[in-house]
1. May I ask you to list the residues in the stretch A:81-134 that are among the β-branched types (Val, Ile, Thr) and assigned to a helix (DSSP H, G or I)?
2. Can you pull out the residues in the stretch B:395-437 that are in contact with a Pro (Cβ under 9 Å, 6 or more places away or on another chain) and part of a helix (DSSP H, G or I)?
3. Please find, among B:Val117, B:Val72, the residue that is closer than 16 Å to B:Tyr357 by Cβ, in contact with a strand residue (DSSP E or B) (Cβ under 6 Å, 6 or more places away or on another chain) and either at pLDDT below 95 or among the hydrophobic types (A, V, I, L, M, F, W, C) (or both).
4. Which is in contact with a His (Cβ under 7 Å, 6 or more places away or on another chain), more than 22 Å from A:Ser222 (Cβ to Cβ) and more than 10 Å from chain A (Cβ to nearest Cβ), of B:Ala286, B:Ala174, B:Ala210?
5. Hey, A:Arg141 hits all of (1) facing another protein chain (nearest Cβ under 9 Å); (2) more than 18 Å from the chain's Cα centre (by Cα); (3) part of a helix (DSSP H, G or I) but one; which does it fall short on?
6. Considering each of B:Val279, B:Val299 in turn, give the residue that is on the phi < 0 side of the Ramachandran plot, assigned to a helix (DSSP H, G or I) and in contact with a strand residue (DSSP E or B) (Cβ under 8 Å, 6 or more places away or on another chain).
7. Identify, by number, the condition in (1) closer than 21 Å to B:Ala216 by Cα; (2) more than 9 Å from chain B (Cβ to nearest Cβ); (3) surrounded by 21 or more Cβ atoms within 10 Å (Cβ to Cβ) that A:Gly198 doesn't meet.
Amino acid sequence: MNQITLAIGFGLVTSSILALSAVGFTLQFGVTNIFNLAFGDVMTASAFVAYLVNVKLHESIWLALVAGGLAGGVLSVLINRLIYTPFLRRGTALFTMVMVSLAVATIVQNVIQAGVGSNFYGYEPVHETSLHVAGMLLTPRQFAIIGIAVASMTGLHLLLKHTRLGKAMRATSADASLARSCGIECDRITTAAWMLSGTLCGLAGVVLVMNLATFDATTGNSFLLVIVAAAVFGTVGKPYGAMVGAVVIGISSELAAIVSPSLKDVAAFSVLVIVLIVRPNGLTLNFRIRRPVEVTAA
Amino acid sequence: MRLHRARPSAKASLAVGLVTLIALLVAVTVGRAAAASSRAKASSITIGVLYAFTGPNAQNGTTGMAGCLAGVTAVNAEGGVLGTTLKCKPFDTKGDPADAVPATNQMLASASNLAMVIGPSDEAPATIPITNAAKIPNFATVGDPRQDTNTDAYFYRLTPSDSVQGYALGYFGAKYGYKHSASVFTSDLGAQTSVPTFKARYKQLGGKLAADLTLAPGKSSYRTEVEKVINSHPNAIFTEMDPQTAATFLSEYQQLNNNKLPLIVTTQRANQPDFITAVRKAIGVAAFKKSVWTVAPYVEATGLGFQTYKKTILGLNGKVKDAQSYVGHPYSTADYDGIVIAALAMTKANSSKGSVYNKFITGITSAKKGATIVRTYAQGVAAIKAGKKITYIGASGVLAFNRYHSAPREFALYKYNSTTGNMDSVKVFPGAALLPK
């Protein structure tokens with residue numbers, strides 16, 4: 001079987017996981033200008049919620065997926081409301097907010113580890129036969145992961161383009177002050193954005209673990225760097241750019257593995273560097289320097 | 001009237017001076033009393049457990065603490081050392097040399113009556129100079145070949161070098177008919193240190209590598225790499241990976257290879273409960289039992305030393321989570337032995353001070369004419385008090401330290417026991433045959 005076609009198929013699975021997570025990450029930055037380094041650990045927390053549903057409550061993995069997604073959404077909203085928003089109200093600088101998010105990441109990871117210990121966990125195993133489709137070799141579950149990513153991206157596109165909420169999000173992302181002046185309730189939009197991006201984060205955490213076979217309290221955090229790379233590739237704050245970034249990085253790393261597994265990360269980050277040299281602000285054209293979103297008292 | 005600040009009178013100055021002097025005297029007296037009280041209150045000897053307790057290597061801390069608790073329990077059951085009980089105190093290196101150094105300094109500054117240290121793991125090169133300079137005996141299960149020629153007088157290695165582990169893997173592969181195998185190791189230091197000697201010994205004995213891959217650990221997919229290995233048709237895969245990488249790689253191998261796995265031969269890393277739990281769940285119990293073997297330092301499961309350790313660790317089921325999983329664990333067993341060896345050395349030296357008892361350590365385990373073989377702390381203390389020379393052979397077997405303070409050990413083949421959930425030894429390899437001539 002052609003190794004390149006096989007690698008592209010494997011790359012699509014990686015890209016799907018990356019798309020869910022990178023789009024969620026970039027959406028958070030796009031609407032609220034927060035470079036949320038706790039994103040990976042929220043993925044881990046969501047994965048553990050799905051574990052409880054799937055393994056402890058013996059429910060199907062698809063119900064666990066929904067539970068994980070919702071958990072990611074709720075946790076993200078809580079983190080934004082209880083931690084980030086108070087700092088933003090005080091006019092905290094962008095760099096300081098990054099440090100705050102790093103602290104949140106450390107806290108979340110250590111709380112998880114204190115609760116679950118240093119053991120490894122996994123969802124109920126499913127032994128599947130790989131399917132040959134168009135030269136690719138994937139299991140039904142991997143096809144489902146690709147389908148979930150495609151459905152989520154399509155849903156997000158429809159939301160952003162054709163709904164009032166989506167338009168309000170785009171307006172808030174473009175210029176929060178002007179959006180507020182036009183009567184958009186930016187605080188509610190921000191909460192909705194965190195719920196949406198957090199749900200994507202939760203879904204990404206669950207499908208990542210479905211693909212990995214096992215996970216522990218640090219799994220999501222170890223994936224964060226490549227998520228950021230995909231987001232930066234497509235210009236941070238631009239969901240469509242993050243989708244493209246996910247596909248490019250996911251497939252290029254699998255193709256590089258044909259030559260040598262050591263080149264996986266080399267290929268992914270080399271592509272990123274080359275794009276940034278040609279387009280310093282990432283792939284998408286219209287990028288502006290942002291200030292932190294003004295937060296008014298409730 | 002002109003306002004002015006009144007100058008303090010001579011009497012007032014004298015009064016202030018006297019009060020200050022009295023306050024200083026009181027402070028010094030109280031301080032000294034507190035220090036004396038503190039010394040009086042230091043009724044236990046502290047063993048620093050210097051491992052990662054958080055982060056991706058947190059399992060090291062859990063394992064080290066299990067071994068420490070087993071060791072102090074065994075010693076304290078016999079009245080402790082010189083009438084003083086032992087206690088374990090954890091210090092978190094986070095698995096990173098940059099964090100291990102401040103953790104070590106914190107340990108030295110804060111632990112009262114610190115007599116010995118166990119740990120760390122791969123961070124050891126950063127911490128050994130510190131504990132050595134502080135003259136605190138430090139026992140570790142680090143396999144880094146840089147410790148093969150250790151010259152730090154206070155450092156002792158309880159498990160064989162990874163270079164010897166590599167020789168053992170290569171010997172097994174070539175001698176037992178797996179001469180067309182794949183080498184698949186992760187790129188981290190802990191795995192890579194076995195690779196050069198594995199390849200050298202394997203080729204020397206007629207083995208030929210069908211595929212040779214180095215994996216970046218912790219990736220979300222290894223399917224492309226798995227395809228490469230499958231296409232090379234190996235009759236075995238020799239490997240060392242962390243649990244997550246192994247679970248991902250092997251489950252993907254199963255998926256892409258019609259649910260079949262070749263023989264997977266790995267190192268003592270796979271004897272640890274976190275590896276067994278993760279990989280067994282990913283590939284299924286039947287496949288794990290059939291396909292996953294390890295070549296690891298031999299632990300004689302029938303000796304009195306091991307049985308004492310086993311009884312002690314199982315008795316800690318409240319303090320040590322899942323104590324059964326540490327019964328055959330190479331690292332917790334070694335840490336237990338380290339504590340017993342140090343305790344016997346302290347007894348022999350009649351002192352718990354590192355600079356005093358350190359020179360007695362190698363003598364506790366060395367073979368010598370006329371020595372009484374002892375297998376437990378109780379036996380050792382009784383023999384020492386009777387004025388006898390002793391040789392301690394404990395849970396891990398013979399731990400005779402060479403001039404570099406490393407304890408060479410035999411190796412064995414291990415297979416999964418579904419009744420106990422642990423890896424059990426099934427065959428011991430002759431020590432001399434492992435190494436190249």
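The values are calculated or read from the model by the stated rules, or taken from the named source; none is laboratory data. Computed from a predicted structure; not experimentally measured. Cβ placement follows ideal geometry from the backbone for every residue including glycine, while neighbour counts extend to all protein chains displayed.
1. Looking only at the stretch A:81-134, we keep the residues that are among the β-branched types (Val, Ile, Thr), and these are A:83, A:85, A:92, A:96, A:98, A:100, A:104, A:106-108, A:111-112, A:116, A:126, A:129, A:133.
Once the filter is applied, which keeps residues that are among the β-branched types (Val, Ile, Thr) and assigned to a helix (DSSP H, G or I), the stretch A:81-134 yields A:Ile83, A:Thr85, A:Thr96, A:Val98, A:Val100, A:Val104, A:Thr106, A:Ile107, A:Val108, A:Val111, A:Ile112, A:Val116.
2. Within the stretch B:395-437, just B:Gly431 meets the criteria.
3. Values: B:Val72 fails: closer than 16 Å to B:Tyr357 by Cβ.
Result: B:Val117 is the single residue among B:Val117, B:Val72 that is closer than 16 Å to B:Tyr357 by Cβ, in contact with a strand residue (DSSP E or B) (Cβ under 6 Å, 6 or more places away or on another chain) and either at pLDDT below 95 or among the hydrophobic types (A, V, I, L, M, F, W, C) (or both).
4. Numbers: B:Ala286 fails: in contact with a His (Cβ under 7 Å, 6 or more places away or on another chain); B:Ala174 fails: in contact with a His (Cβ under 7 Å, 6 or more places away or on another chain).
None of the other options fit; the residue is B:Ala210.
5. The single condition A:Arg141 does not satisfy is (1).
6. On the way: B:Val299 fails: assigned to a helix (DSSP H, G or I).
Exactly one of B:Val279, B:Val299 is on the phi < 0 side of the Ramachandran plot, assigned to a helix (DSSP H, G or I) and in contact with a strand residue (DSSP E or B) (Cβ under 8 Å, 6 or more places away or on another chain), namely B:Val279.
7. Status for A:Gly198: all satisfied but (1).
Results for (1) of a type in the set (A, V, I, L, M, F, W, C); (2) out of contact with any Ser or Thr (no Cβ under 9 Å at 6 or more places or on another chain); (3) under 29 Å from A:Ala71 (Cβ atoms), shown as yes or no for each residue.
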position: A:Arg180; (1), (2), (3): no, no, no
position: A:Arg188; (1), (2), (3): no, yes, yes
position: A:Met195; (1), (2), (3): yes, no, yes
position: A:Val226; (1), (2), (3): yes, no, yes
position: A:Phe233; (1), (2), (3): yes, yes, yes
position: A:Gly237; (1), (2), (3): no, no, yes
position: A:Gly250; (1), (2), (3): no, no, yes
position: A:Asp265; (1), (2), (3): no, no, no
